[in-house]
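Before any comments, here is the structure.
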Amino acid sequence: MGEKIIWTNGCFDILHIGHIELFKYAKSLGSKLYVGIDSDEKVKKDKGKDRPFNKLNDRVKMLESIKYIDKVSIFDSTEGLEDLIQKYKPYILIIGSDWQSKTVVGEQYAQHVRFFDRIDGYSTTDILERKK
C-alpha cells in the first residue's frame, strides 16, 4: 500500500485554531499532508488590496513549522492549483464546507473529496475585521 496523500489549500493569511484543527483532521486521514498556499498576488486579487496581512514567505514558514504538514506548495492561479493537485493525485482533497455547492478545483484528480466545517468564531476575515 502506497502513501495516502491528503491535500488542502488556502491563503492561510493569519493562522488560527480553525486552521490547526483542519491540518490535524487532514493528517489523520492519510500518511502525508500536502498544503497548497496562494501567492500574495492571488490573495490580493481574491481578497482585496489590504490582503494578505502576512507576506508569502512568512505564511510558508509558519505552515512548514506545523507538525501535521509534510509539504507546502505555492500557486498563483486556479490553473496552478489544478496543476499541483494533478501532480500529487491526492487520496483525499479536503476543502472548506462553504465550497460544497461550488466547483472544487482539481477534484477530478483526487480519489475522494471531503468538506471540513469551519470552526465557529475562527475566520481570518473576521479576525481582521475586529481589528478595524
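The values are calculated or read from the model by the stated rules, or taken from the named source; none is laboratory data. Keep in mind the model is a prediction, meaning the values are calculated, not measured. Backbone-built Cβ (ideal geometry, glycine too); neighbour counts: all protein chains shown. To get the accessible areas, we keep the full protein, side chains included, count just its heavy atoms, and leave off ligands, DNA and RNA. Shrake-Rupley method; radii C 1.70, N 1.55, O 1.52, S 1.80 Å.
Take the residues in segment 1-21 that are open to solvent by 20 Å² or more (accessible area, probe 1.4 Å) and outside any loop (DSSP other than H, G, I, E, B), then tell me which one is farthest from GLY96 (Cα to Cα). So, considering only residues that are open to solvent by 20 Å² or more (accessible area, probe 1.4 Å) and outside any loop (DSSP other than H, G, I, E, B), the one farthest from GLY96 (Cα to Cα) is ILE5. Taking the stated definitions as given, is GLY30 over 13 Å from the mean Cα position of the chain (by Cα), within 20 Å of ASP117 (Cα to Cα) and open to solvent by less than 60 Å² (accessible area, probe 1.4 Å)? Considered against the rule, which asks whether it is over 13 Å from the mean Cα position of the chain (by Cα), within 20 Å of ASP117 (Cα to Cα) and open to solvent by less than 60 Å² (accessible area, probe 1.4 Å), GLY30 comes out as yes. Of all residues in segment 42-69, those satisfying the criterion of being at pLDDT 95 or above, surrounded by fewer than 16 Cβ atoms within 10 Å (Cβ to Cβ) and not in a helix (DSSP H, G or I) are LYS55, SER65, LYS67.
Among the numbered conditions (1) touching a residue at least 60 places away in the same chain (Cβ under 8 Å); (2) of a type in the set (A, V, I, L, M, F, W, C); (3) in contact with a Leu (Cβ under 6 Å, 6 or more places away or on another chain), the only one that LEU81 does not meet is (3).
Residue count for segment 70-93 satisfying the condition of being closer than 22 Å to TYR25 by Cα, in contact with an Asp or Glu (Cβ under 7 Å, 6 or more places away or on another chain) and open to solvent by 80 Å² or more (accessible area, probe 1.4 Å): 0.
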